[in-house]
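Undergrad: Sharing a structure here in structure tokens format.
The values are calculated or read from the model by the stated rules, or taken from the named source; none is laboratory data. Quick caveat, the model's predicted, so the values are computed rather than measured. Cβ coordinates were reconstructed from backbone atoms using ideal geometry, including for glycine residues, and neighbour counts include every protein chain displayed.
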Amino acid sequence: MPAILTRHTDDPEQTELDVAQRRGAYDGLREALSRSPDEVIAEVEASGLRGRGGAGFPTGRKWSFIRPVPGQPVYLLCNADESEPGTFKDHYLLRRDPHLVLEGIAIAAYAIRAHTAYIYMRGEYASLAEIMAKAIREAQGAGILGESCLGSGYDLRVSIQLGAGAYICGEETGLIQSLEGKRAYPRVRPPFPAVHGFLDSPTVINNVETLANLPFIMTEGAARFAALGTDRSPGTKLISISGAVARPGVYEVEMGYPLLELLRHEAGGVRLGRRLKAVIPGGTSVPVLTAEEAAPVMIDYESMQAAGTLLGSGGTIVFDEGTSMPEALLRIAEFYAHESCGECTPCREGTGWMAWVLRRLVQGEGRPGDLDLLLRVGHNIEGRTICGLGDASVQPVRSFIQKFREEFEALLPREALAAPAWQMHGHGPRTGRFGPPGEEAALSDPVEGPPNAAL
Amino acid sequence: MPLVTIDGRQIEVEQGTSVIQAADRLGVEIPRFCYHPDLRPEGNCRMCLVEVDGYARPVVACATPVADGMVVHSPHESATASQAVNGVLEFLLVNHPLDCPICDQAGECSLQDFYMHPDYGLHESHVDPAEKVHKHKRVDLGPRIVLDAERCVMCSRCVRFSAEVSGYAEVQFVRRGNRVELVTFEDRALEDPYAGNLADVCPVGALTSRDFRFKRRVWHLESTDAICAGCSTGCNVRIDHFKGKIERVVPRRNPSVNRSWICDEGRLSHEKAQGQDRLLHPRGADGGELSWSEAIARADALLRGGRAGVPGRALLLGSASATNESLLLLRRFGELAFTQRTMDFRLGNEPELVDAREDHLLRRRDKHPNTMGAIHLGFAAQEGGLPLHVRAAEHDAYAALLLVYHPPLVGDESPEAAGALERLIRAVPASVVLTSHRLPFLEAATLLLPVAAWAEEEGTYTNYQGAVQFTGQALRAPGAARSAVAILADLLERVTLRRPDTSPKTLFVELAQAVPAYQGLSFATLSSRSAIAYPPEGRMHYGQEGFAGR
Ligand SMILES: Cc1cc2nc3c(=O)[nH]c(=O)nc-3n(C[C@H](O)[C@H](O)[C@H](O)COP(=O)(O)O)c2cc1C
Ligand code: SF4
Ligand code: SF4
Ligand code: SF4
Ligand code: FES
């Protein structure tokens, strides 16, 4: 399997600058500095590289949105917050090849004419921050970074900022807010970070893995990168696979590689010889696939989309036949309820509500209509929030219930299945445009509530 | 300029206008919690979702700029938008407590109003009260504000006011998800001298004003538009009162004067205006109470011995807290009654302070609402000022003094001014003083006449910018006190033998004729444009000759 990112990650010495340099580290930066920033952007655009942070947005295009304003700095922010459940690929790179990431940062910063770059790392990665800080010191000491990088006259300062343990700090505008020392409440777009980003200046946010691809593109050329993978998903992808597999870990695969192939070969198959039940292929924020659905799926953006899910971060979570899907979903829903930043109404209240309903379901205290309630709550969150966390929280709920509905229904107490929905509620039905209960129901309900009890 | 269509109606607006601003201009009502015209939009409540042709998902009207040709459908006509807004409303109520019966906001609560709206409100509840997330209630945020965190809809209006407007940045959210809660840093009391606005911007009953808590259901209140008399800024306010008592004073939006804010001192200044130490009856030098007819007769006799054009000099001392209308009558009385007169209003250096800021927001150092009006009416055209008048009086320059006095409602009268007034009153043989309050330094007057205080008399004030603003009458003056205009009209009637027309409209027309800067102003524009009118040639400065003579 061709490798771009993990060529040298098996050698613990790779974190040392001289070792890394003997293997070609910073050759890509030297190449980039020999060209104009616009030429670098064009090269990356030609490579077809797409963002590895989750959304798969073309990296070169993202950079081309930057329009430097005279007298105003441009910033590059490396997103190393990596908090998506099931995702630990950036950790692998930061830990094992910090100079590769640093070189990618320098190339991107040069291309967008930034002289300051920040690596925003989740707080739990404090030990990696030390590795990274050492790499920065070494590179600065060797004249690679800092003033006049590699003698080119181009200056670049790279600093590290540690987060304090919130998932939302990985969302690009949440990250900017946090970096500015504010509460990580995402910002409404427009304006986009390319126009008003960090400290109101034009800003690019790129994922660690995205940036780590850049040295290869600069040394080997866009064509060789584009030749890897599929037409619209060129290159390779780091997959962090976890759950019920024999060999969980991080694997670099060429885009277009079959998902189950990875599971069987690289990851050693489902643990304890059990049967596969389901796979979440891109972090918990993407829809789950049943074993049957997963069978034909390839690891690339298009194939995933065709199967009704997303490549996302490449965080692959494997469930075997022994997994209770409602319990797994509860765990996921609790994550989103815990991590919702609470800024916008639908996500703040909706994630907590979904977790609440799932909890009582799993505890055997479900109520009739709970599954539809969950779907309806999801519907009312999706597309109506400030940032992607709201949408993300809905994907697992909807897909788990749609694909494993019997398992959820089996948890409902028998009387809940038989009784009409309104009888299980603590207070009576009332009129309203969106309140469906029939008149007989209203008459026979023993518990009367005031018409505005919801207030 | 982009042309936008909202619910079938078209409007052209400037580039950068948001959909909600365009809708507001068209009068299409879009529900909102977080949007506030004087705060930066944050788009967090999601209540203003609208459908836009060509957009896959509903968008927030408050943070979406209009584009040319945009076709917008509000929840009044779009089922998609209505369903979306209804969903948001349901989310807002999931963890909202069932407090309406004991909540001060009830009756003026956005949440109640939106819930009852036929186009997007009302829904079947799917939550048990027992499931609700609980937060802190009755949190003491200092002398002005009480917080009920459970009622908060996290719209961040208060946070933005505190950070962007007052700059004190004292409130912020902590925690995440549905546990988010509003707090002050380390639970400290608010120090913001504008903290009262936090309760005003709060669209629900989360932040309530301590001075109004549990006082009165809002639907019992009567309202009167007025101008704060606390300083020369002239903030636009609404007085909410019940049976002759002021229950609260809240800001009225005026983008060019006070935007949507007032200071706490101004908000509470009615406590002094309607305070305990009011003068309730006309009183002679012997301390005996007089009827009004006796009092007017005595005033007339004291001031001019019953004759017009008395020789001798009179000092007419107006007040920068009196309305333009009463100053106009005071001036006219002076001109008709005396051959020689000195007119002034300066107790200190008001004219120099009129424009001086006390802080970055609203407060000014001149604690009088009508210094500019007094200047425009020519009350300080000559050399003068209180110390000079005292010296002149002590050299027998004045035969009579007619003083209209209102104590400052924010802070106390300066000791220098109080002392000088007392000396002046003692030095002039005949002193007639119109005052709203009983004050030791006025006690020596030959005749004390009780006059209406702020909110008890209507008329206009001219603020530091030269904006002429109408302030209404909310209350009847206590005891036998009467408006300054009525008292001065009585005195004028003695001179001219004809009672002047004192309707606010007539007086304003005369005022507009008398002051060149006010020409072209009409009473109609004054009372329609949220009680504000600007002199056509902009602001006037101290020293400019503002009075046209008779
Ligand atoms: C809730 C949420 C959390 C996110 N967390 C991360 C993260 O931890 N790391 C990351 O690279 N991108 C994360 N993203 C995506 C970023 O917003 C952004 O799209 C990405 O960093 C862009 O980099 P790329 O173009 O290189 O993919 C998150 C997005 C959302 C909505
Ligand atoms: S969607 Fe959720 S995480 Fe994103 S801004 Fe809204 S509340 Fe915060
Ligand atoms: S306290 Fe009121 S103004 Fe402040 S965030 Fe809550 S609801 Fe909004
Ligand atoms: S700033 Fe002046 S006019 Fe405005 S409320 Fe305060 S005292 Fe009144
Ligand atoms: S008013 Fe638009 S999101 Fe709150």
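Undergrad: Quick one: is residue A:153 touching a Cys at 6+ places or on another chain (Cβ under 7 Å) and assigned by TED's automatic domain parsing to the domain that holds residue A:63?
TA: In short, no.
Undergrad: Pairs only if they're at least six apart or on different chains, beta carbon under 6 angstrom, first in the range A:200-213 and touching a residue at least 12 places away in the same chain (Cβ under 8 Å), second among the small types (Gly, Ala, Ser) and part of a strand (DSSP E or B); list them, first residue then second.
TA: Matching pairs, first to second residue: A:208/A:80.
Undergrad: Being touching a Phe, Trp or Tyr at 6+ places or on another chain (Cβ under 8 Å), hydrophobic (A, V, I, L, M, F, W, C) and farther than 22 Å from residue B:226 by Cα, is that true of even one residue in the range B:355-371?
TA: Within the range B:355-371, not a single residue is touching a Phe, Trp or Tyr at 6+ places or on another chain (Cβ under 8 Å), hydrophobic (A, V, I, L, M, F, W, C) and farther than 22 Å from residue B:226 by Cα.
Undergrad: Something else now. Consider the range A:392-416. How many of its residues are aliphatic (A, V, I, L, M) and farther than 21 Å from residue A:322 by Cα?
TA: Residues flagged as aliphatic (A, V, I, L, M) and farther than 21 Å from residue A:322 by Cα within the range A:392-416 amount to 3.
Undergrad: Also: Any chance you could count how many residues in the range B:47-70 are over 18 Å from residue B:2 (Cβ atoms) and either within 16 Å of ligand 1 (Cβ to nearest atom) or of a type in the set (Ser, Thr, Tyr) (or both)?
TA: 1
Undergrad: Next up: Looking at residue B:92, is it buried (at least 19 other Cβ atoms within 10 Å of the Cβ), within 11 Å of chain A (Cβ to nearest Cβ) and not charged (D, E, K, R)? Full working, then the answer.
TA: On the way: buried (at least 19 other Cβ atoms within 10 Å of the Cβ): yes; within 11 Å of chain A (Cβ to nearest Cβ): yes; not charged (D, E, K, R): yes.
Against the criterion (buried (at least 19 other Cβ atoms within 10 Å of the Cβ), within 11 Å of chain A (Cβ to nearest Cβ) and not charged (D, E, K, R)), residue B:92 qualifies.
Undergrad: Taking the residues in the range A:298-331 that are of a type in the set (Gly, Ala, Ser) and more than 28 Å from residue A:406 (Cα to Cα) as candidates, determine which candidate is nearest to the other protein chains (Cβ to nearest Cβ).
TA: Among residues in the range A:298-331 that are of a type in the set (Gly, Ala, Ser) and more than 28 Å from residue A:406 (Cα to Cα), the one nearest to the other protein chains (Cβ to nearest Cβ) is A:313.
Undergrad: Exactly one of (1) more than 9 Å from chain A (Cβ to nearest Cβ); (2) within 28 Å of residue A:337 (Cα to Cα); (3) aliphatic (A, V, I, L, M) is unmet by residue B:70. Its number?
TA: (2) is the only condition that residue B:70 fails.
Undergrad: Follow-up. May I ask you to list pairs of residues, at least six apart or on different chains, whose Cβ atoms are under 7 Å apart, with the first in the range B:114-126 being within 8 Å of chain A (Cβ to nearest Cβ) and of a type in the set (S, T, N, Q) and the second being buried (at least 22 other Cβ atoms within 10 Å of the Cβ) and assigned to a loop (DSSP other than H, G, I, E, B)?
TA: Pairs found: B:125/A:454.
Undergrad: Right, something else. If you check residue B:182 against the conditions, is it away from ligand 2 (no atom under 16 Å from the Cβ) and farther than 30 Å from residue B:461 by Cα?
TA: no
Undergrad: Report yes if some residue within the range A:332-351 is within 16 Å of ligand 1 (Cβ to nearest atom) and away from every other protein chain (no Cβ under 14 Å); otherwise report no.
TA: Yes, the range A:332-351 contains at least one residue that is within 16 Å of ligand 1 (Cβ to nearest atom) and away from every other protein chain (no Cβ under 14 Å).
Undergrad: Ok, one more. For a quick check of your reading of the model, give me the residue pairs whose first member lies in the range A:45-65 and is touching a residue at least 60 places away in the same chain (Cβ under 8 Å), whose second is among the basic types (Lys, Arg), with beta-carbon atoms closer than 6 Å and at least 6 apart or on different chains.
TA: Going by the 6 Å Cβ cut-off, the qualifying pairs are A:56/A:50.
Undergrad: Within the group B:253, B:248, B:278, which residue is among the charged types (D, E, K, R), at pLDDT below 95 and out of contact with any Leu (no Cβ under 7 Å at 6 or more places or on another chain)?
TA: On the way: B:248 fails: at pLDDT below 95; B:278 fails: at pLDDT below 95.
After ruling out the rest, the residue left standing is B:253.
Undergrad: Please go through the range B:420-446 and give me each residue that is more than 13 Å from residue B:405 (Cα to Cα) and assigned to a strand (DSSP E or B), ordered by number.
TA: B:430
Undergrad: Right, another one. So which of B:181, B:164 ends up being within 17 Å of residue A:184 (Cβ to Cβ) and modelled with pLDDT of 95 or more?
TA: Criteria check complete, one pass: B:181.
Undergrad: Hey, another quick one. Please go through (1) within 25 Å of the chain's Cα centre (by Cα); (2) buried (at least 19 other Cβ atoms within 10 Å of the Cβ) for residue B:177 and return the number of the only condition it doesn't satisfy.
TA: Going through (1) within 25 Å of the chain's Cα centre (by Cα); (2) buried (at least 19 other Cβ atoms within 10 Å of the Cβ) one by one, residue B:177 breaks only (1).
Undergrad: Of all residues being within 14 Å of chain A (Cβ to nearest Cβ) and in contact with a helix residue (DSSP H, G or I) (Cβ under 8 Å, 6 or more places away or on another chain) in the range B:165-178, which is nearest to ligand 5 (Cβ to nearest atom)? Just the residue, please.
TA: Among them, the one singled out is B:173.
Undergrad: Got a sec? Which of A:46, A:25, A:32 is under 23 Å from residue A:220 (Cα atoms), among the aliphatic types (A, V, I, L, M), surrounded by fewer than 22 Cβ atoms within 10 Å (Cβ to Cβ) and in the same structural domain as residue A:216 (by TED's automatic domain parsing)? Steps first, please.
TA: Details: A:25 fails: surrounded by fewer than 22 Cβ atoms within 10 Å (Cβ to Cβ); A:32 fails: surrounded by fewer than 22 Cβ atoms within 10 Å (Cβ to Cβ).
Testing whether each residue is under 23 Å from residue A:220 (Cα atoms), among the aliphatic types (A, V, I, L, M), surrounded by fewer than 22 Cβ atoms within 10 Å (Cβ to Cβ) and in the same structural domain as residue A:216 (by TED's automatic domain parsing) leaves just A:46.
Undergrad: What is the one condition in (1) touching a residue at least 40 places away in the same chain (Cβ under 8 Å); (2) in a loop (DSSP other than H, G, I, E, B); (3) more than 11 Å from chain A (Cβ to nearest Cβ) that residue B:146 does not satisfy?
TA: (2)
Undergrad: Would it be correct to say that residue B:130 is outside any helix (DSSP H, G or I), surrounded by fewer than 18 Cβ atoms within 10 Å (Cβ to Cβ) and within 9 Å of chain A (Cβ to nearest Cβ)?
TA: So residue B:130 fails the test.
Undergrad: Select from the range B:136-159 the residues that are within 13 Å of ligand 3 (Cβ to nearest atom) and over 17 Å from residue A:345 (Cα atoms) and list them in ascending order.
TA: Residues satisfying the conditions are B:136, B:137, B:139, B:141, B:145, B:146, B:147, B:148.
Undergrad: I'm told residue A:383 meets every condition in (1) surrounded by 24 or more Cβ atoms within 10 Å (Cβ to Cβ); (2) within 16 Å of ligand 5 (Cβ to nearest atom); (3) more than 17 Å from the chain's Cα centre (by Cα) except one. Can you identify the failing condition by its number?
TA: (1)
Undergrad: In addition: Mind checking which pairs have a first residue in the range B:352-376 that is of a type in the set (Asp, Glu) and a second that is modelled with pLDDT of 95 or more, Cβ under 6 Å, 6 or more apart or different chains?
TA: Here the result reads B:358/B:364; B:358/B:365; B:366/B:232, each pair linking the range B:352-376 to a residue that is modelled with pLDDT of 95 or more.
Undergrad: Let me ask another. Right, residue B:230: away from ligand 1 (no atom under 16 Å from the Cβ) and farther than 20 Å from residue B:165 by Cβ or not?
TA: Judged against the criteria, residue B:230 is not a match.
Undergrad: Which residue is nearest to the other protein chains (Cβ to nearest Cβ), if the candidates are limited to the range B:50-67 and must be on the phi < 0 side of the Ramachandran plot and not aliphatic (A, V, I, L, M)?
TA: B:57
Undergrad: Condition (residue is within 10 Å of ligand 3 (Cβ to nearest atom) and touching a residue at least 60 places away in the same chain (Cβ under 8 Å)) applied to the range B:167-189: is it met by at least one residue?
TA: Looking for residues that are within 10 Å of ligand 3 (Cβ to nearest atom) and touching a residue at least 60 places away in the same chain (Cβ under 8 Å), one finds none in the range B:167-189, hence no.
Undergrad: Among the residues that make up the range B:257-277, is at least one of them charged (D, E, K, R), part of a loop (DSSP other than H, G, I, E, B) and either away from ligand 4 (no atom under 13 Å from the Cβ) or without any contact (Cβ under 8 Å) to a residue 60 or more places away in the chain (or both)?
TA: yes
Undergrad: Also: Filter the range B:1-44 for residues that are among the small types (Gly, Ala, Ser) and within 14 Å of chain A (Cβ to nearest Cβ); which is nearest to ligand 3 (Cβ to nearest atom)?
TA: B:43
Undergrad: Okay, moving on. (1) within 14 Å of another protein chain (Cβ to nearest Cβ); (2) assigned to a helix (DSSP H, G or I): which one isn't true of residue A:185, the others all being true?
TA: Going through the list (1) within 14 Å of another protein chain (Cβ to nearest Cβ); (2) assigned to a helix (DSSP H, G or I), residue A:185 breaks only (2).
Undergrad: Kindly establish whether residue A:153 is touching a Pro at 6+ places or on another chain (Cβ under 6 Å) and modelled with pLDDT of 95 or more. Before you say what the answer is, go through the steps one by one.
TA: Working: touching a Pro at 6+ places or on another chain (Cβ under 6 Å): no; modelled with pLDDT of 95 or more: yes.
In short, no.
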